[in-house]
Each structure stands twice: as C-alpha cells, then as structure tokens.
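Accompanying notes for the structure given below.
The values are calculated or read from the model by the stated rules, or taken from the named source; none is laboratory data. Note that the structure is a prediction, hence the values are computed from the model and not measured. In this analysis, Cβ positions are derived from the backbone assuming ideal geometry, glycine residues included, and neighbour counts consider all displayed protein chains. Accessible surface areas use protein heavy atoms only, side chains included; no ligands, DNA or RNA. Shrake-Rupley method; radii C 1.70, N 1.55, O 1.52, S 1.80 Å.
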Amino acid sequence: LFTLPHLACYVPKIYCLGPNLNPQNEDLLAPLLLQSPLEWYLCGEEPSVGLAKLEQNNQPSQLCGHVFKVGEPTYSCRYSCAADPTCVLCMQCFLGSVHKEHRYRMTTSGGGGFCDCGDTEAWKKGPYCQKHEPNISDSSQKHIGRNVTCIFIYLFIFFSRVRGDTYYCMLFNDEVHTYEQVIYTLQKAVNCTQKEAVSFATTVDRDGRKSVRFGDFQFCEQAKSRNTSRQTKPLRVQVMHSSVVAHQCFALKALTWLGQIIRYSGQSLAALHRPHCGEYRQSHTPLLSLLPLSPLLRPLHHSLQNYERLQSDYVKDDHDREFSITDLSVQMFTVPSLARMLITEENLMTTIIRTFVDHLRHRDLQGRFQFERYTAQQAFKFRRVQSLIGDLKYVLISRPTEWTDQLREKYLEGFDAFLELLKCMQGMDPVVRQVGQHIEMEPEWEAAFTLQMKLTHIISMMQEWCASDERVLIEAYKKCLSALTHCHSGFTDGEQPITLSMCGHSVETIRYCVSQEKVSIHLPVSRLLAGLHALLSTTEVSELSPPMLIEHPLRCLVLCAQVHAGMWRRNGFSLVNQIYYYHNVKCRVEMFDKDLIMLQAGASMMDPNHFLMIVLSRFELYHIFTYHKLKKKKKIVFHALLVFDFFPVGERYTAGVGQVESSDETRREIVHQLCIRPMAHSELVKALPENENKETGMERVIDSVALFKKPGVTGRGLYKLRPDCAKMFNLYFHHYSRADQSKAEEAQRRIKRQNGEDSVLPPPVLPRFCPLFASLVNILFHHDIFFYHDIFLPHTQVRAQYELVLQVLHLIGMGLVEEQQHLIGSADDNDTNFNFTLKISRPGEAPANTPSILALLETLQNAPHLEVHKDMIRWILKVKLIQISLQSHLSLECLCKCLSYPIEGSKSQKNKQSKKKTVRDKDKAERKRKAEMARLRREKIMAQMSEMQRHFINENKELFQQSLEELDPSTSSTLEHSPSSCDSALVCVGPRRWRAGGSERRQMVTCILCQEEQEIRTDGKAMVLAAFVQRSTVMSKNRKRPPHNPGMSLYYDPLFMHPDLSFGTHTGSCGHIMHSHCWQRYFEAVQAKEQRRQQRLRVHTSYDVENGEFLCPLCECLSNTVIPLLPLTKTSCRYCNKHTDDCYTIKEMLTTFGTATYKVGLKVHPNEQDPRVPIMCWGSCAYTIQCIERLLVDEEKPLFGSLPCRQDDCLSSLTRFGSACWTVSSHTTVQNHFIRLLAALVPDPRVENTPCILDIDMFHLLVSLVLSHPAILCLDSSGLSADAAQLHFLHLVTVAHIVQILLTSVPGENLILLLHNCMHFSGLHEVSSGWHLWHCVKAGILPYLRAAALFFHYLNGAPAPPELHSAGEWEALCGYLCLPSNLLQAAWPSSGLSCSSTLKRSLQPMLKCSPFFTISRFRFPRESNHLIELPGDYSALINQASSFTCPKSGGDKSRAPTLCLVCGAMLCSQSYCCQTELEGEDVGACTAHTFACGAGVGIFLRVRESQVLFLAGKTKGCFYAPPYLDDYGETDQGLRRGNPLHLCQERYRKVQKLWRQHSITEEIGHAQEANQTLVGIDWQHL
C-alpha cells in the first residue's frame, strides 16, 4: 500500500491547479509521476519487461468481457440457449459461436454492459465461442489480481486528507433543464459570454459535469446562490474541494490506464473475476467493469439493508437509470445462483416488493392505490418507481429446477408480499355509470393500466415458479384464495342476498346491478387465482364458493358488454380506453383471458342452470323470458350474452383448461388472425402476446398453418393461411373485436364461394377438457339454452334478428359437434352420457307443446326470409343424421332411406341432381346461342360502317392529306416516327434536316384549371408548364470544389461549365399545362391564403410561397416556376416579333422562367437585367439533357421512345425556351456571350480570360453556342442559314471534344502526331493499336453525341430513326446528327469538315493555358454517379457507426450517427455540439452537409434507427423506408423487432433512382402533404 500516500501527495499537484484545466501538462506529468510507479507496483519489475512477459504468456480469457460502445450491435439467441433475454454476445463472439445458425435477435447497445461469452450461467447451450474456449491458465499471473485490488481501494478512497483551500463550483448534468435554460442561467450566474455558456453546456451534456468557477469557498458559493429561476427548478450545482476534484479526475484516467494494461493479458481480467466465477455477471458501467466485486460490493451482495435507501435516492434523482448504481441489478439478479442465494438468505423478493409498495403511498379508504389527480412530479416519481418491477423480473426470470425447504419458505414469504401488492390493486379506479349529464372531467386511468402492464410478466412468472413445485403451488393457491376472500369481505356496496328461481331451479346470489353500482376492471387477485387454478390439473380443491369466484370477473365482462352497447357513453373516453386495453394483446393474458378461466372454473363446479341464472341476473336480462320484447340496447347486450355463452365451452386452448400445449394456443391465434386477411410477419407478432423473453412462439408453428409469399420491390412479405387450416376457424373467437369478426366472416365466406363450397361456417372441432373442467360441456344442453331457441327461432321474420339467429344456430352446432366427438371418443366403452341430439329432438312440454328444435329447423330451412341461414340449417340437419348413424351403427344412406330424407350421395338424390344439371345445361346452351347471334349482328353492322368510312375517305382524299400534315405532334407521334412520313434519311441538324409539312405545326393542349383547349401559337394566349428548378450535384465529379462563394455571387461567371460538372441547375416538370393568366390567378390566391394565416399558426409547409414555390393544382407536385410553351418554328427569330398583348404575355413568361432559373442557380435575388440570366437558362437546358441521357443509360433504355410524357414535354419546352430566351435579354449582352463562347474554340486576341478547352464541358458549350447564335444571325447579312450554322457548331465542338478525349483519356497515333506538331511536345506515349484508339474515342464521345441528338431532336422537332428507338446503333446516331461514322476524319481536310485547319492554328494557344501535367486529371466518358455501396449485413454498418466519434466533442461517441449515402461521410446528427452557422442560422450537421455535398438536397441513413432521411433545404424533410429488410421482407425502423437485416438491392436501386431523377424534393413534398406531423419537425437541427 506504499502507493497510496504517493498518489495522495502528487495527484493534487498535477490535476486541477487552476480555473481552467490544462490537459497538456497533465498528460506530460501523469505518466511520469503517477502511472510509472503504478506499473512498477503492478508488475514487480521493470514495466517494459513485465508487460512484455504478460503479453508473451497471454492466453485468451475464458470470459470475453467486451464492453459495449454506444450503438454497438449485440446479439441474443432466440432459441432456448440463453438463461434469460439479458444474455448477449458481441459481434466477434457471435460470429464464432453456434448461435449464428440459430434464430437470433440483433439490437443496439445503449453503452456499457458486457459480452456474456464464457459465462456458463448465462447460457444453457453454447456458452463459448471459438476464441474463448476453456484453457489452462498461468499461475504466474495470480498476483496481478491482488495488486489491482489495492489500486481499486485507492479508486474509491481516493484521498486521505484535503489540502489547500481552493474550490470548484461544479455544474452537474440533469434531465430536467434544456440547453437554452442552462445557457441563460450560466450567463446570469457566472457572468460569462454566450459562447462560453454554450461550451459549458456542451461539456456538461457530454461529460456529466463541468467546472464553471474556481476560487475560495465564498466565491464559488456566491455563483451557486445565483442559480435561481422562477420558471424551473435550480440547476444542480455543488461546491467541491480542488483535491477531491483532482483525485476524481485521476481515478477516471486510471480506469482507462487499467484497461490498457489488461489488454496485455486476458488472464489478468480472469484473475479479477476468478474468485467469483459462476456467481456474478459482468458489471454494467465502465467504472465497475474493472472492479473486483469482493472488496466493495460484497456488503451490497450479501446484505440488502441498503437496497431501499439506494432505490429511494434513485427515485428522488432525475438522472436516467443507466447512470445509477441501481442499474447493476440486471447484472446481479439475473445470475441464477446469486438470485437464489439472495432470496433464501436475504429475502430479496420481499424486500423488493415492500420497497415498491412503500413508494406508492396514495391510497383510498379501502387501502387501494389511488392515482386520481396525479401531479407531474408524482407521475415522474411513479415512472421511476417502476424500475423496481424490473428488479423483481430479473429475480424471477430463471425458474428453479430444484427446490429446497428454505427456498420454498422464502418464496412463499415473497408471494405473501406480492399478494399484498395485488390486494392494493384489487378494485382500484372503480367507475359508476353516468346518467343524465356527461362526465365533466376525464378521470386518471393510465397509471393503473401502466402498473398492470408492468406486472403482467411478473404474474406469469410467479405462476410458472408455482407450477414447478406441487407443494408451493398448493400453498400459493390457498394463500391466494384467502386473499380473495378477504377482498370480497370488503366489497359490500349495499349488496343483499337474493334467490333466483327459474324452471324449477333456484340459486342464491346477491342483488347487484352493474349499470348502477361501482365496478372496477382491475381484479389481479382473482386473475392470479384463476391462473393457479388452471395449473391444478389433477389436484382437487375443496372449500370453494363458485359464486364468489365468478362474481367480479362476471361484473367486468358485463361492463364490457354494456359499454359496447352504448350504455356508458356519458362516462367519456377514459372508460372506452380501459375496455380497449382490457382486450388488447398487451393486457388480455392477465385480464380478459384470466376472467374467462375464472368463469370456467366456477361454472365447472356449479349446476349449469344455476350458472346461467346468475349470468342472466348480472347481464340484467333475467326477465326476458317473461317479456320477449327487448329494447334496442338490451338486444345488443343479449348479443353479448349469447356470445358469452360460447366462451365457457368453446375456449379450451389454454394449458390446464383443455388438453393442449402452449404451441396449440399460438397456432390457433395465428389461424384466426390469418382468417381476417393475409398478414405480414410484424402484424402477426403484434397480434400475439409476448412472454417475459419478448417471444411469441410464432416461429415454431407458423410454417404448419401458413404459406409465406415473398415481397417485390415494394410492399411486404405476407403469410397466407393454408387451406387445410380453415377448418379451425371459429366465427365467435373470443379475441375478435366486432370489426375483426365481420372481416373474418366476409373473407371466409368469400373463399368458400370461390371454391364452389357452401358458405356455412360451422363450429370447429375442439380439444377435450382437462378433468377439472370436464363438466363444462353440460352447459350446452341445460334448460335455459333451449329457451333461447324457443324465443328467437320462431320469430325470425324480423331482419334485425339475423345475428341472434346465427348465434343460436352456432350454439346448436357446437352441441352437435361436441356430441359427435363424444361418440367417436367413446366408441369403445359405449359412454353416451352427452346426448345433445335427444335434447333438441324433444318437443316442448304442456301446455305450450312447442315443436322440437330439430322440427323447427326442418320447417325453416326453406323459409325465404332465412335464405342467408339455409346452408347453416342444412349443415345442422346433416350432422344430426351423421350422429344418429353413429349411434345406430347404420350407414348414412340406409338411415336416409329409413327416414325418407334425401342426402348427398344417395341414388335418389343423384337422380334429382342429374335432372337439375340437365336443366342448367339447356339454359346455358340457350344463352350461348343468343350471345353468338348478337355477336354476328354486331360484326355485320361494324363492317357496314367501315365500308362507308372507306368510301368517304376515297372521295375526300385531298382534304384528309392536308389534315394529316397539320396534325398535332403529340397526337401523330406514330406518323412522325414512321419512315413513310419523312425522308428516307432522318437528320436533325443542318440544311438537310427534317422539316414539318407546313410553316408551323399545330399543337393543341388543355388548361388544367379552366379546361379550355388552346392551340400553342406565338400570337395566341400564353400557355405555361409547371416546373421545378433546383441546384444539383447528381452529375458532379468533384464535390470538394464549392460552386462559388455565396458572398461573391455578384462576380461569379457561369458562362463556361467545367467538365467535372461540380454543380448544375436542373429543371423538372410534372407535365401539367395551364394558361399563364390562370396560373397567375392561382398563384396569387395561394399567396393571399398564406398571408391570411395567423402568425402564431405559421409553420413550415411543404412549399415556401416567399421563394415562389407552389403545388401543382392537379397533382400537388412541388413547383417554383413555369416554363412557357412555344410552337416549333422555322427559325428562332420569329418568336414574339408581333406587338400584341398575347405576345407581351409570352415575353413576360419568358422573363419569369429565366429569372427563376437565375435566382435558384446562383442563389441570388431576382434581377432580370443581369447578363447572366440567359447563361443560366442555357446551362439548365444542357444539364437537364445530360442528366436524362445518363438516366437512360443507367436504366438500359433506348435514347428515344422510352421517356415518360412529363420528361418529354419538359425537354421540348425547355429547349424551345432556350432558343427564345435571348429575345427578352439585351441583344448586345447575348452577342458578347456568343463571342466569348466561340473564342474558346477559335482564338480571338481581343477576348481575354479564355479558358483552356480541357476546362470546358463541350456539350454545355454546344448548347450555349446554338442557343445564342440567333442574336448574331439577326445582324448577319451573309445569307448563312441558322441550320448551316448549327451544323458548323456541332462539327467544331465535336472535334474539340475529340481532342479532349485524346488528351485526357488515351494516347493516340495519327492525331497525336498532329498535336505533337502543334505543341512541339513529346511527352505523349504512343499506342500500338489503332483499333484501341478508335474504341476509346468512340466510347468517350458517345454520351456527348447522345445528348446532342436529344437536344437537336427537341429543338428542331426532327423525328428519330427507328434504330434509335431500340438498342440504338452508332451509324444511326451519327447519321441522325449528320456526322461521319468515323469521327476521326474530322481532323483531316479530306473529310469535308473545315475544322482541322482551324484546330491546327488554334490548338497551341488553347493548350498553353494549362500545364500538360494537369491534363490527365479527368477522363472520358464520365462514369455515372452512384450512391455509396452499403454492406450486406446491417450489423456491420451498426458496428461501423459505433466506432464513430463526434469530431467536436473530444472523442465522445455520437448519439445519432448518420451516414450520407451520396459521399459516404459519417455525421454527428441532431446534436448541439456539431451545429454550424449557415447563412446566419445555426443548423445541424446533416443540413450543413446537404448544402456542401448535394447543393441543398441530401440522402442520409440514420444508422441506429435504420431509417432513410431525405432533406431539401433547411425546412423540408421526410423519412423514407430503408433498403434493409429482414427475412420476412419488412423494414425495422427503430430496430424494435430485432430481426437480422440484410440489404435489398432492389429497394436501394429505387432510392438511387429517386436521386438520379431529382425527385427527392418531390418525394418530400408528397410526404409532408400526406403526413402533417412531418411539417412540425425542425429539420434544420438534424
């Protein structure tokens, strides 16, 4: 222990010597003065020698001990391999274990916790992975554990005396205050700046505490006293001595150092745990991960006297449980041996339960919990108290296999304490029916149901413990029965004993009316007794009072029936919600199901007539046999009563009630869920109850009852019921709601009709009852049941009684099926005690002398008003005959002959059926003959009409020929594209290009707002196309180069686009057309509506009117401008050359779209006079065409004929607008642009700052030259046509692009020699193959030629040759562009192109602007951009994200790591620490990255939530389904189900297609319009 004084002396001298910590000095002095002596003490020799020996002799430890990081994947086996669900493995151990081949659950860790590999008590099977197999340990390392123990003594007794008088004012983290409140309070308390306060708050949130002031005690206490606020509670501040802070800082550093030391030897970790191997689970927190449990925690483990105080401290605190020492309970109580020891020696169960009960002090006069008018503080405390229930669950999670007398004694003591808890819940939150006036205030009900749901698994585990030992079960049953008797003695409520009499039967009960007295839905004692009673399958229990057992569960069921009948509507939604959760899958196992078991238990010990009389009395229907008329609500209650009669006899799929297993119950649940409709795996899981291990047992039985259908690109995989399992369907399944019952009935009847079967839905065959419940079948033929039949069967003319008749028929069917099962089962012993057929065949007694039920059914089977029940009645009669045949041992056919009753399969019946079939065949033949005659008559008439049309066309041939020439292009596209409608050689550019038949081609469109049909003309009304302009980096090859400095936007020159396409302006459209004046009125109305919205209600909508955004009036697609529609003319000079109002409107629309493109593309304010407006319009046209061309290539579609109408209309309108936009700009400006563009290819000494051709995108240059040339053509008097100029531009730019390819992509032969001569440069390499040169040139220039073909196609309206409508050919593309097939001929004078000489003169000065060593940085063709590649297994992605640390928090783990799918950057999202300032506003990391990487549009994957995030700008975003699916074809957003996830390439390609199509913003708009909750999310903080 010589190191302790040394540490006590030097630690305060190194750490915390001033107001600001100095990590640099600490990191220099601590290893020398503190760590080095510790290493000497630990190793006993030179540390380098001792550590080397440890590392050399290191052997893998038996215990893994891997500490989970925040968000790291953990794996648990879903087979019965683990001792409890808290046993998990790390990724490395899991991959090397046998559990990899099992069904497993994948989750993410919250930080802390250990891998349980190697812990034999944590695993029943496969406790070791391949790495941690047991081995022989080295005894030479045993001393390490002893030495480390001494070091741990220091860690917790970290100072021996306090030196000096300096203090720190330490601010601690809490879960109450927000960032803003902490920042404001700090500024006021310590007089710091806002920046310093933000830094303090960030550190406190990350590290848990931060020193905000240093000095003497009075100075620090002054800052603490200023920590006050009227709105919120004070911050958590403590004045601490500097020596204490110093030792605490060093203790944290020492823990990290010990972790590094232990890595030298896995055996040293084993040495720490070896004394307690098999007793303790690894600790949860990093501090206790290295702590030997014996020195400090032995008192806590072996004596629970401090348990209540620790829990009280936690309840009073506001920190999460993971930061409290009480969270260690999961590590200790889940170890079976330790849990048994604590139960027997320290009475752990009783301690936990009494501690829990003591914290719930609000009781009523009867001692029941009272949660009414809970304050916020009380509700917060109640939530924290619930953690005690988790401790009790950990203790009970592993059932004992061997019982000792001491364990039985302590367990029963704990059971007594648990009964005291349940007695406080029995009858809590009672309700009384509200009459006359609606309830004024909704009562508190959520707290009671929260407590019930928390205790659901505890009650189940208590019953499982009792079931494992018969002595414990019997004692527990007696204790529970005694507690229930005590509870009944306290429930008087003015109840008086009465005697009910009916048909010679009488029973004693109490006078109680559910609709008038208090009734509670919380009966945990009764339900616990019901569960224990079902476990007594062979033990007989005496001294029971059946009426007492069924009284309160029966009241609860009557309450549900009356609520469904609408009798309790004035009690508000609180009661409706309670009834909902009473039947909900989360609560029904220990509520509704247990009430049914208790009723079955009571009914099995009572006379059936007595049972029904009590039931009638509680349902308030006892007098219906005197008065046969029921009120409307009473009829609904009677419906519930009849259904209620099904439950005691029909519900046998509970172990202990029926002779079934738990898997049979699960199978039945699945069958009835799939009878409603095919369901996905997640839907089935939600519909099934979970056990304490969060398992439903579905996977064990699902394949036997359902077939799985895999999903496609969209949707989910579905389970469909196997046809042979439909016979298990019960129309009155007790877990069906009314809606589910109706859906299931309709679905099953539809399936039967499709299969050609009768639509009857008979009762299913049920399993046999267990001996204790065998007498329940007698309920089916007691006297009162037949009164139902006598009352409702004769009066079935009323349509409203359809459901009543169906229920009565179902009851009769149940009796017949039960009798049939008894006959089959008792064929050997001739036991025929259950004779239901005899009962229903017996007529009524005098004086009524009513006919028997069977006689009545035979009379009603052909009644017209019972047509819907005909199949069911006939089925009952048929089953009756089958049972008579079984009793008389006659064949069914012989019996029918004796009774003169027709039956299917008999000879007479076959004759009748054959006659009916003959009649049907004749009718069918007659209908077929008439249909044939009608068809011939129609054909004759159509032939006559066709002949008349041909005659008329021949007489008016000239008129039709003229009309065909003037047809609208959209309606005559087939004529355009056919070779007969144009020249044999289709050319889109040049003097020989294809031209329309007339001077202008007509195009008729319809306005979506006024529905007026309008021809597109230059002198007509202006028509516009809704469009959306956005900045884009989809084609970018250099995302690191920013577009331009926002502050220098006024000086940015966008005339030349760089080949890397770092950013562009894309234009898209939904394809819907409007009049310009209609659109203006619509947009003004939208603006007025937004202005009328109150300021307090203004939120971020899916569109921003201030930025010109609106939704398309027809499809609600996001738009921010409109494109004017222009006709196809001979020359662009003819646009808008008339001085009319309509022409001015067209010019206004031209200006509108041009200004919008300029504003969005450059992120500047609108300025229609800016000379860059036409440049941005040309660039948007070129960039959009390039994007669509790449999209067609990636989707392997032909160049023409495969675009949807919206993209086709958009490109057509965009190119024609580009050819006319110069008319609304300054002609001089456009002419100057043209001169600068041409100087890039033809050098002009008067033009300065001409870029190198290697820094120019040639397609953008081509588009700009062609679209700006009309401004020069208007001044040209040489007679050169626009078509010839376009062809010259195409040739010139094509040759320049070939030069680009040769210089940047491949070395050449012939042309390279020309370049050598021009540049006098010999640094280029030669190639040995001319074919290789041509192949590279052809591949590099193909995207350019395809884009040029699209451009000239839409500009000039020339139809494409048929070859380009399929896969496309090189020759067809070159011919369409009027280019030679061998483009290398363009470099030679003999090629007919006058470009080579110009190229030779101008190549040298153009290339001088860029050093040659930089020309190889870019290659053609440009490859298409893709989203990043994702790993196939999602756990690999989670593991990657768990290693990501926040870049601004000093290595702290990121809470929400988010992956950019465009560039692959990992970001710290949704965190204050990584917020940056963007355009004067603080935004999150994802929003900031969106503008840097995607020009305002981003696609991210939130790794820990398994969720795709779309962002557009600062205020728009939505969540999208991730591309990772489980084995059932479903996503798991939030990783709630824990199924292993794998990458679905089809889903990922769908996301990528949205990105390439620039549809992310559109998808966000549609999502926000469909889900208004997305609008309220602060997307800018993500």
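Observations on the structure shown:
- Peptide packing: for 701-707, 1007-1013, the average count of neighbouring Cβ atoms within 10 Å per residue gives the ranking 701-707, 1007-1013, highest mean first.
- Mean projected area in nm² (Cα convex hull; one quarter of hull surface) for region 442-584: 10.8 nm²
- Note on residue 1077 and residue 677: the model spin-label points, each 7 Å out from Cα along the C-beta direction, lie 4.9 nm apart.
- Global geometry of region 319-398, whether rounded, prolate or oblate, following the gyration tensor of its Cα atoms and the 1.5 cut on a/c: oblate
- Across region 1457-1582, Cα-Cα distances exceeding 26 Å account for 19% of all pairs.
- The base-10 log of I(q)/I(0) for region 1423-1516, evaluated at q = 0.11, 0.22, 0.24 Å⁻¹, reads -0.31, -1.15, -1.31 [Debye formula, identical scatterers on Cα atoms, solvent excluded].
- Simple label model, 7 Å out from Cα along Cβ direction - residue 180 to residue 1546, nm: 4.7 nm
- Segment residue 172..residue 341, full-extension length gain: 57.1 nm, with 0.36 nm per residue of separation and the alpha-carbon distance subtracted.
- Across region 1513-1521, rounded Karplus estimates of 3J(HN,Hα) from the backbone phi angles (6.51 cos²θ - 1.76 cosθ + 1.60, θ = phi - 60°) give x, 9, 10, 10, x, 7, 9, 10, 4 Hz, Gly and Pro being marked x.
- Note on residue 855 and residue 501: their simple-model spin labels are 3.0 nm apart, each label 7 Å out from Cα toward Cβ.
- Difference of contour (0.36 nm per residue) and Cα-Cα distance, residue 322 to residue 450: 43.9 nm
- With a 1.4 Å probe rolled over the protein heavy atoms of all chains, the accessible area of 40, 123 falls in the order 40, 123, largest first.
- FRET efficiency, residue 120 to residue 470 (Cβ-Cβ, R0 35 Å, nearest 0.05): 0.75
- Shown is the FRET efficiency for residue 1011 and residue 580, computed with R0 = 51 Å from the Cβ-Cβ distance and rounded to the nearest 0.05: 0.60.
- Computed magnitude of the charge dipole of region 1150-1261 (debye, nearest 20; Cβ of K, R +1, Cβ of D, E -1): 320 debye
- Computing FRET efficiency as 1/(1 + (r/R0)^6) for residue 841 and residue 753, where r is the C-beta to C-beta distance and R0 is 35 Å, gives about 0.65.
- For region 1534-1575, with +1 on Lys and Arg beta carbons and -1 on Asp and Glu, the positive-most of 1564, 1575, 1551 along the dipole: 1551
- Additional length obtainable on full extension of the chain from residue 508 to residue 165, 0.36 nm per residue less Cα span: 115.2 nm
- Taking the inverse of the mean reciprocal distance over all distinct Cα pairs, the Kirkwood hydrodynamic radius of region 1482-1547 comes to 12.8 Å.
- Sorting the segments 75-82, 657-664 by their mean number of nearby beta carbons within 10 angstrom, highest to lowest, gives 75-82, 657-664.
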